[in-house]
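The values are calculated or read from the model by the stated rules, or taken from the named source; none is laboratory data. It should be emphasised that the depicted structure is a prediction, and the values quoted were computed from it without experimental measurement. Backbone-built Cβ (ideal geometry, glycine too); neighbour counts: all protein chains shown.
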């Protein structure tokens, strides 16, 4: 029996672009409050759609593949929303995005 409170939600994926001898890492992270994905690649932070998350994480696109997937529980997600962590997170992301794009 599936219990929604026991569910886990994909929160972030670390992607490796390269092979065993070297490469580059970048991350997709989801803002569950606004239901949007962000791509963090060195100093560039921009919105991404879920199609990009799938494309770059499943392998077969260049040498990119998911290196690590991070999940959070429904309980942790509810606590984050209740404590307004997403608003604080968005202020931080907006600050960084403004600095990077200037």
Among the residues in region 47-54, are any farther than 27 Å from residue 74 by Cα, surrounded by 13 or more Cβ atoms within 10 Å (Cβ to Cβ) and either touching a strand residue (DSSP E or B) at 6+ places or on another chain (Cβ under 7 Å) or modelled with pLDDT of 85 or more (or both)? no
Would it be correct to say that residue 9 is modelled with pLDDT under 85 and surrounded by 12 or more Cβ atoms within 10 Å (Cβ to Cβ)? no
So residue 2, is it surrounded by 15 or more Cβ atoms within 10 Å (Cβ to Cβ), at pLDDT below 85 and assigned to a loop (DSSP other than H, G, I, E, B): no
So which of 60, 22 ends up being surrounded by fewer than 14 Cβ atoms within 10 Å (Cβ to Cβ), at pLDDT below 85 and out of contact with any helix residue (DSSP H, G or I) (no Cβ under 6 Å at 6 or more places or on another chain)? 60
If we keep just the residues of region 27-63 that are in contact (Cβ under 8 Å) with a residue 24 or more places away in the chain and in a strand (DSSP E or B), which is nearest to residue 80 (Cα to Cα)? 31
